[in-house]
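> Before I ask anything, let me first share the structure, which is written out below as structure tokens.
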2 protein chains.
Amino acid sequence: MLREEAVSPTTTSGTDRKLLALVRRSLGPIPIALALSDTCDVPETDEPVVATVRFADRATLLSLVNDAELAFGDAYAAGRIEVEGDFIAALEQVYRAAPQTPRLYSRLRAQWFDFIQNNTHRGSRSNIHLHYDLSNDFYRLWLDERMLYTCAYFPKPEASLEAAQEAKLEMVCRKLRLQPGETVVEVGCGWGALAIYMAQHYGVEVKAFNISREQIKYARERAKREGVSGRVEFIEDDYRNLSQKFDVFCSVGMLEHVGFNHYRELGRVIKRAIGETGRGFLHYIGRNRPRPLNAWIRKRIFPGGYPPSIRESMDVLEPENFSVLDIENLRMHYAKTLEHWLARFESSFDTVVRMRGMEFARAWRLYLSGSVAAFRVGSLQLFQVLFAGSRSPFVVWTREHLYAPLQEELDTEVWKPAM
Amino acid sequence: MLREEAVSPTTTSGTDRKLLALVRRSLGPIPIALALSDTCDVPETDEPVVATVRFADRATLLSLVNDAELAFGDAYAAGRIEVEGDFIAALEQVYRAAPQTPRLYSRLRAQWFDFIQNNTHRGSRSNIHLHYDLSNDFYRLWLDERMLYTCAYFPKPEASLEAAQEAKLEMVCRKLRLQPGETVVEVGCGWGALAIYMAQHYGVEVKAFNISREQIKYARERAKREGVSGRVEFIEDDYRNLSQKFDVFCSVGMLEHVGFNHYRELGRVIKRAIGETGRGFLHYIGRNRPRPLNAWIRKRIFPGGYPPSIRESMDVLEPENFSVLDIENLRMHYAKTLEHWLARFESSFDTVVRMRGMEFARAWRLYLSGSVAAFRVGSLQLFQVLFAGSRSPFVVWTREHLYAPLQEELDTEVWKPAM
């Protein structure tokens, strides 16, 4: 007994040290310390340590050895992992150190997710419901006044989120060069801000599709309040059910939810909508190259989600002979947008906890922080793609008109022809 | 005998009519008349006829039935086909009516060309020699003063070719945001104008690769004349042999000559040159979707040539984890550039005939006219792709700086930092 009492603490600490070393091995020598009770693993690196990841117990630590991608998120949400120091910097370090080629297991799991979260009509409805129907009150806590839940456009990095979201709306309209009287179909319209802006500022008629009931309800009320119900129709339906003809197709932040195996179907839907003479716009989170979405994000935050590489996203456009006119990468704008969201989210953290519980609040803190990190280090990208049908009379001679002073447009609330 | 004499003209004309109808069937009801001796096939269409294609004899006409793509070009060059009316408008009509999916025969032939014109080190040398070493005096007849043989950038459609080529050089430098003292590698540098401009206006050091002996000779002389030999080195070698490190990779008008089966190799070369921290630029003729290059162009004008779709061109960048920052489509700028070249070519037509013979002159008239038509109708596109390594500190916040008044830059011949 005496012997055991004397040895036990050392053994415990020795085992902890070995367990921490196991996690360290998979992480590499990145400047993050790992801690389990009194034992701390400090990396052999010249860089200053940005954070200490503290594990509540051995089981938590072991779960990471087994499947770090999924286990870290769940353990963090459950409060079994705490990160002391700069959380985002730590996540950036982890993402930078991630293996270039995903492991076989990750790829197989991605295929399994593709199967169980397949974005069929029914699957999409369920996937979208789980994220976007959480409650408008929740999103109102940390989005801008217009409830835009997609990458903003910051003419200058120091612009406010409100100004940057307005600039984004304007930029989309300018890229599409909307003309008064034209018809626009928007798919995946969120809370309706873009559709309403287009009708208000560019005098177009918009039909906007969405399968999130909460968002559609909100959008309809907003359109009524803004007095554009006559020109903007919000339709609670799957994008695949659109059947009319339009001058312009527009989708901001939906392609991520379509799923790679449905890209050709989306391409056919777009072709049906705008034929060979219309033009279109796709704004989506993407990648430098194909890679499965983080398993925890896919399981807990965005079921059915997949950010494609440019090569993959061309599966929407090339089979239908659409002509790509312009692609812009706004990655750093999304990092900044997310910084704003995260700051607002943190100021409302207690409210979120009251609304949805601590586990949810922590999960969303991780999701928002991880997204800031992912866009900063470039494991995620943000692409805006402007395209036109093969017989479209729409030619963008230069892109100079996109950069005319913004204020001119933003001060006028009347219908006016685009340039 | 009497009977034959009486019937013969009718029979002849009847046969001719049938032969013309055969060609018509493959062309469809496009507004082009077809003529063989006294017989003329006028299409059943409401559009006004834009041109009459006159065949010298039945054999010529029959060759078209068999293999229009290749036979038309050869027969036109040989003077066995004449086009009366608007030649470019006629070619536009033919391209618009072309089947959306290339026939099996075209695809098989493309594979055969891929094989016999494969862009190995040796194959490339032969392919490039056949086009670019024709003679500098010939190209001088119809290119701009700088000898730029790639798409210009017309700030306004009415800009002169000289101004538009200068604007293109400036635009490339701005997209890359060159900084004084940086090192640039250019592959496929033509007659050296871009490399010289970069050194002169942006104070960078350039190594420029090319396997066309004539072009390199000219470029070296020009660099000496301009007093930048110390900062621009022209290297007569294959791009695959570059081994040094650079800040910037740049290629304008070479990807079309690389061949799809060598894209991954090119990607590795770029990665070797700029690592994960550099940035790069690719400017190339492309397509809305994959399609073999016109067989006549491939056989007579651009051996080894292939204009890729965006999806295909991503095979250069995605495997190396490069991040696409900006893609611009300048299709209509190439149509305009080619209109200028064609006009100058036509004014020097007799000189070209004296230099290289009638068949050559007619072949090049067809190639230039066909290219105007192809860019106008969109069977060819022109893409400019800006990209950066996955750890590049280079971030383009917005593209507004590209559109600062051009004159400022163009008036200064001194080194100055880019914005």
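The values are calculated or read from the model by the stated rules, or taken from the named source; none is laboratory data. Because the structure is predicted, anything quoted here is derived from the model rather than measured. Methodologically, a virtual Cβ is constructed for each residue, glycine included, from the backbone with ideal geometry; neighbour enumeration extends over all protein chains shown.
> Output the residue which, of all residues in region A:243-254 that are modelled with pLDDT of 95 or more and over 13 Å from residue A:190 (Cα atoms), is surrounded by the fewest Cβ atoms within 10 Å (Cβ to Cβ).
A:244
> Shifting gears a bit: Which residues, taken from region B:380-395, are facing chain A (nearest Cβ under 10 Å) and buried (at least 21 other Cβ atoms within 10 Å of the Cβ)?
Within region B:380-395, B:381, B:383, B:385, B:386, B:387, B:388, B:389 meet the criteria.
> Among (1) under 20 Å from residue B:137 (Cβ atoms); (2) free of Cβ contacts under 8 Å to residues at least 60 places away in the same chain, where does residue B:214 come up short?
It fails just one condition, (2).
> If you don't mind, there's one more thing I want to ask. Please verify whether residue A:183 is in contact with a Phe, Trp or Tyr (Cβ under 7 Å, 6 or more places away or on another chain), away from chain B (no Cβ under 14 Å) and of a type in the set (S, T, N, Q), treating the condition exactly as stated.
So residue A:183 passes the test.
> Further, regarding this structure: Which of (1) within 29 Å of residue B:240 (Cα to Cα); (2) of a type outside the set (A, V, I, L, M); (3) within 14 Å of chain A (Cβ to nearest Cβ); (4) surrounded by fewer than 20 Cβ atoms within 10 Å (Cβ to Cβ) does residue B:139 not meet, given it meets every other one?
Exception for residue B:139: condition (3).
> What pairs come up if the first residue lies in region B:314-325 and is closer than 15 Å to residue A:312 by Cβ, the second is at pLDDT 95 or above and among the basic types (Lys, Arg), and their beta carbons are under 7 Å apart, counting only those six or more places apart or on different chains?
Pairs found: B:314/A:311; B:315/B:264; B:318/A:289; B:318/A:311; B:319/A:289; B:319/B:264; B:321/A:289.
> Okay, moving on. Restricting attention to region B:148-164, report how many residues are more than 12 Å from chain A (Cβ to nearest Cβ) and over 20 Å from residue B:286 (Cα atoms).
Residues that pass the stated criteria total 4.
> So, in region A:109-145, of the ones that are in contact with an Asp or Glu (Cβ under 8 Å, 6 or more places away or on another chain) and in a helix (DSSP H, G or I), which residue ends up farthest from residue A:301 (Cα to Cα)?
A:121
> Yes or no: region A:291-301 includes at least one residue that is free of Cβ contacts under 8 Å to residues at least 60 places away in the same chain and either surrounded by 20 or more Cβ atoms within 10 Å (Cβ to Cβ) or in contact with a helix residue (DSSP H, G or I) (Cβ under 7 Å, 6 or more places away or on another chain) (or both).
Among the residues of region A:291-301, not one is free of Cβ contacts under 8 Å to residues at least 60 places away in the same chain and either surrounded by 20 or more Cβ atoms within 10 Å (Cβ to Cβ) or in contact with a helix residue (DSSP H, G or I) (Cβ under 7 Å, 6 or more places away or on another chain) (or both), which makes the answer no.
> Okay, next question. Based on this model, can you work out whether residue A:48 counts as in contact (Cβ under 8 Å) with a residue 60 or more places away in the chain and within 18 Å of residue A:88 (Cβ to Cβ)?
no
> From the list A:148, A:169, pick out the single residue that is part of a helix (DSSP H, G or I), buried (at least 23 other Cβ atoms within 10 Å of the Cβ), within 18 Å of the chain's Cα centre (by Cα) and not hydroxyl-bearing (Ser, Thr, Tyr).
A:169
> Next up: Of the residues A:95, A:76, only one is out of contact with any Cys (no Cβ under 7 Å at 6 or more places or on another chain), under 14 Å from residue A:363 (Cβ atoms) and among the hydroxyl-bearing types (Ser, Thr, Tyr); which?
A:76
> Looking only at region A:159-168, decide whether some residue is hydroxyl-bearing (Ser, Thr, Tyr), out of contact with any helix residue (DSSP H, G or I) (no Cβ under 7 Å at 6 or more places or on another chain) and under 24 Å from residue A:399 (Cα atoms).
no
> Okay, next question. Just need a number here: residues in region A:309-367 that are closer than 29 Å to residue A:134 by Cα, within 14 Å of chain B (Cβ to nearest Cβ) and out of contact with any Leu (no Cβ under 8 Å at 6 or more places or on another chain).
The total comes to 4.
> Right, another one. Just for region B:219-241: of the residues that are in contact with a strand residue (DSSP E or B) (Cβ under 6 Å, 6 or more places away or on another chain) and assigned to a loop (DSSP other than H, G, I, E, B), which one is surrounded by the most Cβ atoms within 10 Å (Cβ to Cβ)?
B:231
> When region B:82-118 is examined, which residues are found to be among the polar types (S, T, N, Q) and modelled with pLDDT of 85 or more?
B:93, B:111, B:117, B:118
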